[in-house]
Amino acid sequence: MNAVIFHIARHKAKKAVEVELKSQGIRLTTFPYCDLKLRAKAYFDAHRAELVEQATQTVMRSPQLRKLHEREERQRLRAQVKTNAQTPSEPKSTTSALQISGAK
């Protein structure tokens, strides 16, 4: 998943948890941030598909976010090509055919 989309999806999960807490009458300034992060992660895990879909739509509607998304994809593809090009090949044998046959 693209980092831009992932970040927006996680942000939407956090906002959803914040709305839920506010609807329960809990002030966010008094709620421990680590608990908010845990709830947001659980919400993200439970609603991942729909959050990613919403985030993708958000990215595609915004020219700045779309440009950032496309740049990140190009960088990812370049890194992948570079990694594939640097994959070492099988080592070549330095043993001659004469040595392999066991000549005396």
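Residues are listed down the side, and each one gets a yes or a no for (1) farther than 21 Å from Ala16 by Cα; (2) of a type in the set (Val, Ile, Thr); (3) modelled with pLDDT of 95 or more:
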site: Tyr43; (1), (2), (3): no, no, yes
site: Gln54; (1), (2), (3): no, no, yes
site: Val59; (1), (2), (3): no, yes, no
site: Glu72; (1), (2), (3): yes, no, no
site: Arg76; (1), (2), (3): yes, no, no
site: Thr83; (1), (2), (3): yes, yes, no
site: Pro88; (1), (2), (3): yes, no, no
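Scan the range 17-27 for residues that are of a type in the set (A, V, I, L, M, F, W, C) and either under 20 Å from His47 (Cβ atoms) or exposed (fewer than 11 other Cβ atoms within 10 Å of the Cβ) (or both) and jot them down. Matches in the range 17-27: Val17, Val19, Leu21.
The values are calculated or read from the model by the stated rules, or taken from the named source; none is laboratory data. All figures in this text were calculated on a predicted structure; none of them were measured in a lab. Every residue, glycine as well, gets a Cβ built from its backbone with ideal geometry; the counts of neighbours run over all protein chains shown.
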